[in-house]
1. Would you pull out the residues with amide H under 5 Å of residue 284's amide H, same chain only if 5 or more places away, H placed 1.01 Å from N?
2. Just for the Cα atoms in region 59-107, what are the lengths along the principal axes, largest first, rounded to whole Å?
3. For region 209-313, with every protein chain kept in place, what is the accessible area per residue (1.4 Å probe, Å²)?
4. Quick one: pull the percent of accessible area on region 125-195 belonging to carbon and sulfur, 1.4 Å probe, ligands and nucleic acids left out.
5. Using each residue's phi in region 171-185, evaluate 6.51 cos²θ - 1.76 cosθ + 1.60 at θ = phi - 60° and report the 3J(HN,Hα) Karplus result to the nearest Hz, with x for Gly and Pro.
6. Please work out how much length the chain gains when fully extended from residue 266 to residue 39, using 0.36 nm per residue of separation minus the C-alpha to C-alpha distance, in nm with one decimal.
7. Taking only protein heavy atoms into account and a 1.4 Å probe, give the accessible area per residue of region 93-205 in Å².
8. Where does each of 282-290, 250-258, 81-89, 170-178 land if you order them by average Cβ count within 10 Å, highest first?
Amino acid sequence: DFCLSRGLGDVYKRQIIYSVIIFAGVIFFFVGSRYAFQKACKRRASHPANLETADDEQNSLSTKNEKIIITASDGVRLVGYFYERKKNAPIVIFFHGLWSTGFVNGKPIYRITEKHNWNLLLATLRAHGESGGEYSTFGALEKYDCRDWVSWARKRFGTESLIFLIGISMGGAIAMLSSNLEGMECVRGIIDEGGYTSPLEMIEINSRDKLQSKFLVRIFSELVNVGARIWGRCNLRGVDACKALMNTKIPVLIIHGDKDTQAPVAMAYRLNNSCKSEKQMLIIRGAGHTDCYKIDPLRYENAVYEFIKNHIT
């Protein structure tokens, strides 16, 4: 009887230890996923441009426009700034990059659209600036916001409107991710600069320097995705711009810098190879992430102009 009770005692101890380990693991995973998700996706404080010290072009971007407010399909308030140059001209909807603004990332497109008398909407992404939402989801939910902006343009300017999407970095990925959604057939073309293939791949690439371990990088990206599913109500693992481009009929122009380390140029080639619609690709030599216009403004503008001109008829 003594040996039996001692044996049962050891079993109970092991069960208690295992239970404590499992419980601690669950707590760690829960707390870790929340921390990782907030670290990667939680809204950050924005600093609007100081109009007293801004240049003339920055003043124009910030003041000479019409403020547009729409409600996203999930109820989030979205804000954009519209510049109407000419009736019946192409309407360019621009999406900025992560933790940036249309007033910053959109300067090249503002110049190009103003020069050619194209209408421009600078859309403010959810969890950025004046738009609502607490978390960025790297395109998982923003692709539907993109469709909502297209719907706004069609309602305001008619079903025959010449709508083009242009995005930089995450904005480019968002435009591509929306390309296979129902209701996007009216879009005449998509221009992507520096967009990525998928959020998790982008997160892993950009966390390598800090974490310096493939294992920790993979754990971090998994924790971000778990956090996204719990608090962001989306699954980042299913978000893939290559898959979207495999199922779109919208013409696509991909612009990318060959020195891009945040979204390596290999991503541009994969996106281009995946695209089954009419496509073009422009690689800017010597350009890093979002530097393409700065490095070669003439080739950049010519590529954008020719692409839009060829798809307005």
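The values are calculated or read from the model by the stated rules, or taken from the named source; none is laboratory data. Predicted model, so just to flag it, every value in this text is computed and none were measured. Ideal geometry is used to build each Cβ from the backbone, glycine not excepted, and the neighbour counts take in all protein chains shown. We work out accessible area using only protein heavy atoms, side chains counted, and drop any ligands, DNA or RNA first. Shrake-Rupley method; radii C 1.70, N 1.55, O 1.52, S 1.80 Å.
1. 256, 257, 258
2. Taking the Cα atoms of region 59-107, the three principal extents are 32, 25, 18 Å.
3. Solvent-accessible surface per residue comes out at 55 Å².
4. 45 percent
5. Ordered by residue, 3J(HN,Hα) equals x, x, 4, 4, 4, 5, 4, 7, 5, 9, 7, 5, x, 9, 4 Hz.
6. In short, 79.1 nm is gained.
7. 28 Å²
8. Averaged packing, sorted descending, gives the order 170-178, 250-258, 282-290, 81-89.
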